[in-house]
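To keep things clear, I will list the structure first and then write my remarks on it.
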């Protein structure tokens with residue numbers, strides 16, 4: 001069977017009310033850290049996805065009124081007509097490439113804190129706002145509900161005027177008033193909007209009907225609905241009230257966009273949910289209940305699974321957020337028979353973390369994500385070589401692989417030398433840890449590309465000295481020599497008072513554990529002053545080996561950074577379930593007489609913990625010896641890139657390699673001048 005026939009079902013057009021999608025690939029709404037604050041960047045990013053073959057390209061949750069103000073987060077905004085031009089940039093970019101543009105209208109209710117607008121916070125019943133802010137939302141009265149319906153209807157009309165083809169009513173992720181009204185623990189009303197499920201659905205029904213009345217002759221009306229809260233009997237379940245909602249509203253929307261709540265479940269990392277298409281069991285009933293097209297998600301990267309989901313009648317559209325970020329050209333690659341060239345999402349949620357930090361989106365697999373407008377980067381196009389220069393890249397970790405691949409794509413002759421027998425550097429080591437196997441895709445994608453290029457030569461087990469590099473006679477050298485983890489406990493909490501280690505307890509580094517050279521007996525104390533994912537995964541690995549593990553950190557929670565990737569609660573719960581002894585808010589004081597001294601991060605009070613071994617995860621040391629030895633040796637280019645220059649995330653290393661490849665042989669002054677374009681506020685008065 002030809003590739004065209006094998007996947008042809010994915011490229012059939014599908015009607016969404018009065019509009020038609022050219023194929024079954026649907027980029028569902030997702031946040032990106034740009035929104036109303038950076039509309040040109042948002043438009044360019046969405047336009048690239050349309051170019052890559054996504055038939056429907058959605059924006060993100062788009063506030064309809066100042067009472068749904070998500071400040072400081074940069075989501076969409078459609079408070080009034082002044083927001084239309086910024087959104088028009090996106091719809092124009094999407095339409096130019098032949099796709100439909102969708103807008104996710106939202107009122108976030110008690111999920112909004114209204115920090116900018118200082119408007120009243122609204123909810124079905126009196127309810128605390130999301131987060132740790134000591135504020136509450138007030139119960140909406142009938143006038144508030146009438147106003148909400150009017151705000152939503154007016155926003156739908158503005159969305160139509162901005163050029164959107166599909167307009168959402170949104171009831172998902174535990175973030176929206178429409179869903180809040182459905183949930184009995186949030187809706188304790190005794191009027192026609194509370195009590196029975198039919199009453200709790202009344203607002204959603206009104207929003208759907210009124211949106212259709214306002215724009216339904218020109219725009220499709222989509223309903224995004226979380227069929228299951230994944231709380232068992234404590235929440236809405238797909239097989240019970242979730243199904244009942246679909247049955248009651250079955251034919252009202254033109255499209256059902258179905259998923260699970262909350263966001264941490266809908267966008268679960270591969271560490272805790274390795275299976276692609278993991279939401280299928282929850283959403284498979286929807287098409288049995290409605291005749292309208294259905295879109296579903298679940299980090300779907302396999303074209304064969306996509307075909308199966310369509311032919312089995314689970315969905316009509318293949319929905320994606322993260323896979324469309326990792327590879328905006330995924331649909332085109334499938335259609336053109338280039339499946340092996342897809343950059344598969346690794347499910348690390350670094351994209352989510354950027355949005356949570358109110359920064360432009362980024363991606364471990366796709367370093368051009370978020371850079372389409374401000375740097376002019378395209379995921380599939382890079383400028384050709386300027387000269388016949390030959391290039392040497394030392395180190396086949398994430399930075400070296402990306403740099404070598406992109407330089408080869410530009411047409412340069414590239415030699416890549418790696419000291420070990422396996423490419424991947426830190427990725428190869430970390431992907432062998434519990435739950436991180438999908439991260440190997442970072443290496444697989446780049447090695448697959450490089451091994452097919454005649455102008456790229458790869459040499460494994462090639463430890464190069466400065467003399468070796470100079471003897472090669474290659475004038476342009478990029479060093480991606482990486483880092484190693486410290487084993488002395490010095491980190492952000494101990495720089496002023498370094499811990500004293502007397503040698504009475506065997507001390508291991510993170511690399512030791514990853515290499516299988518860890519302790520054989522416990523108790524083992526893991527000290528985490530890095531606060532990323534590594535220490536938590538190492539604790540899981542050692543506990544799974546049957547060792548007694550104590551986890552100490554200066555922070556108030558385990559693996560603090562991972563709350564930005566929506567998995568911290570799962571990390572901590574797993575360690576607790578595995579019997580790991582958590583010692584929070586504790587700074588490493590030292591090791592003496594077979595015990596680790598821990599000091600309270602707040603009071604300084606000390607206590608000692610007997611242990612047989614310690615794993616100290618604090619900071620990394622940059623491997624710069626080769627760089628220092630090559631300085632002043634007459635090389636035309638000598639660039640230190642990736643972790644060796646600035647230790648960070650794998651995404652940072654990939655980005656650094658990509659930037660180095662694009663910058664090669666460019667005038668340094670020009671690079672400095674156009675580091676990136678900024679979007680700045682207009683000083684034009686917007687007063688009434």
(message) Out of everything in the range 247-267 that is surrounded by fewer than 24 Cβ atoms within 10 Å (Cβ to Cβ) and at pLDDT 95 or above, what residue ends up being nearest to the chain's Cα centre (by Cα)?
(response) 254
(request) For residue 538, state whether it is within 20 Å of residue 650 (Cβ to Cβ) and surrounded by fewer than 23 Cβ atoms within 10 Å (Cβ to Cβ). (result) no
(message) Considering only the range 351-369, I want to know if a residue exists there that is surrounded by 17 or more Cβ atoms within 10 Å (Cβ to Cβ) and either touching a strand residue (DSSP E or B) at 6+ places or on another chain (Cβ under 8 Å) or on the phi > 0 side of the Ramachandran plot (or both).
(response) no
(message) Could you check the range 14-34 and list, in sequence order, the residues that are surrounded by 21 or more Cβ atoms within 10 Å (Cβ to Cβ), in a loop (DSSP other than H, G, I, E, B) and touching a helix residue (DSSP H, G or I) at 6+ places or on another chain (Cβ under 9 Å)?
(response) 17, 23, 24, 28, 30, 31, 32, 33, 34
(message) I'm told residue 135 meets every condition in (1) touching a helix residue (DSSP H, G or I) at 6+ places or on another chain (Cβ under 6 Å); (2) more than 21 Å from residue 253 (Cβ to Cβ) except one. Can you identify the failing condition by its number?
(response) (1)
(message) Among the residues of the range 235-243, are any part of a helix (DSSP H, G or I), closer than 25 Å to residue 165 by Cα and assigned by TED's automatic domain parsing to the domain that holds residue 110?
(response) no
(request) Would you be able to say whether some residue in the range 532-539 is modelled with pLDDT of 95 or more and farther than 22 Å from residue 612 by Cα? (result) yes
(message) Suppose we keep only residues that are surrounded by 16 or more Cβ atoms within 10 Å (Cβ to Cβ) and part of a loop (DSSP other than H, G, I, E, B) within the range 433-452. Which one would you say is nearest to the chain's Cα centre (by Cα)?
(response) 436
(message) Here is a list: 181, 164. Which entry is out of contact with any strand residue (DSSP E or B) (no Cβ under 7 Å at 6 or more places or on another chain), surrounded by 17 or more Cβ atoms within 10 Å (Cβ to Cβ), farther than 24 Å from residue 570 by Cα and at pLDDT 95 or above?
(response) 181
(request) Would you please name the residue that is farthest from residue 434 (Cα to Cα), looking only at residues in the range 261-284 that are in a loop (DSSP other than H, G, I, E, B) and without any contact (Cβ under 8 Å) to a residue 40 or more places away in the chain? (result) 284
(request) Among the strands (runs of 3 or more DSSP E) lying completely within the range 592-688, list those that include at least 1 residues that are over 26 Å from residue 464 (Cα atoms) and in contact with a strand residue (DSSP E or B) (Cβ under 8 Å, 6 or more places away or on another chain). (result) 595-600, 606-610, 613-617
(message) Checking residue 74 against (1) surrounded by fewer than 17 Cβ atoms within 10 Å (Cβ to Cβ); (2) under 22 Å from residue 178 (Cα atoms), only one condition comes out false. Which one?
(response) (1)
(message) Among the residues of the range 39-66, what is the count of those that are out of contact with any helix residue (DSSP H, G or I) (no Cβ under 7 Å at 6 or more places or on another chain), buried (at least 24 other Cβ atoms within 10 Å of the Cβ) and free of Cβ contacts under 8 Å to residues at least 60 places away in the same chain?
(response) 1
(request) For the range 101-127, enumerate the residues that are out of contact with any helix residue (DSSP H, G or I) (no Cβ under 7 Å at 6 or more places or on another chain) and more than 16 Å from residue 65 (Cβ to Cβ). (result) 102, 125, 126
(message) Let me spell it out: the conditions are (1) surrounded by fewer than 24 Cβ atoms within 10 Å (Cβ to Cβ); (2) closer than 30 Å to residue 20 by Cα; (3) in contact with a strand residue (DSSP E or B) (Cβ under 7 Å, 6 or more places away or on another chain), and residue 237 meets all of them except one. Which number is the exception?
(response) (2)
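The values are calculated or read from the model by the stated rules, or taken from the named source; none is laboratory data. Since the model is a prediction, treat every value here as computed from it, not as a measurement. Glycine also receives a Cβ, built like all others from the backbone with ideal geometry; neighbour counts cover every protein chain displayed.
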